[in-house]
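One structure below.
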Amino acid sequence: MKRLADIVLALLCLPVALPLLLLGMALVKWSSPGPAIFRQTRVGRHEKPFTCYKLRTMYADTRDAPSHETAASAVTPAGRWLRRTKLDELPQLWNVLRGDMSFVGPRPCLPSQVELVAARRALGLYAIRPGITGVAQVAGLDMSDPQRLAAADAEYLKTMSLATDLRLMFMTAFGAGSGDRVRG
């Protein structure tokens, strides 16, 4: 049921998202050289790696690391706005349609975040697809505290329902959470 809801919602969002995505891509290209779409390997359902797509918010030569380990100076002028509005997440609609992600679930981490991968494995979180948003993101938790993050994600696993997903998506759309934080 959750997968069907993800597909239907993604298809309904596409007509609204496409103009915003094109605007975001233009802002990224205007703000700094490099590709507009950022691609990164993340850990997905059953710990299967997948390519996650986002609008690029950092300079193209920024090292491949979690946001909380990256200096704020790596974020482009357009990237600050895209992160604040969460529009950088729009390309993940493709990940949802492909089945790599869900709208709601644990935020996908990098394979190099071994402590977080292990904590999520121990709590059975790889049984579900990672999400564009989730409990931890709405609560403003970033990935710098793997145990706390995994525990918050595990609470979602216990209470997962369509109503919970709708509430978390609504909270995300109307400003809950702060997006992925970078070092100050």
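Mind checking whether some residue in the stretch 53-70 is of a type outside the set (Ser, Thr, Tyr), farther than 22 Å from residue 174 by Cα, in a helix (DSSP H, G or I) and in contact (Cβ under 8 Å) with a residue 60 or more places away in the chain?
yes
Of (1) closer than 29 Å to residue 157 by Cβ; (2) open to solvent by less than 10 Å² (accessible area, probe 1.4 Å); (3) not polar (S, T, N, Q), residue 1 satisfies all except one. Which?
(2)
Being under 16 Å from the mean Cα position of the chain (by Cα) and open to solvent by less than 10 Å² (accessible area, probe 1.4 Å) is the filter; apply it to the stretch 25-55 and report the residue that is nearest to residue 113 (Cα to Cα).
44
The values are calculated or read from the model by the stated rules, or taken from the named source; none is laboratory data. Please read all numbers here as calculations on a predicted model, not as lab measurements. Counting neighbours? That spans all protein chains shown, and the Cβs are built from the backbone with ideal geometry, glycine included. The accessibility values were calculated without ligands, DNA or RNA, using every heavy atom of the protein model including side chains. Shrake-Rupley method; radii C 1.70, N 1.55, O 1.52, S 1.80 Å.
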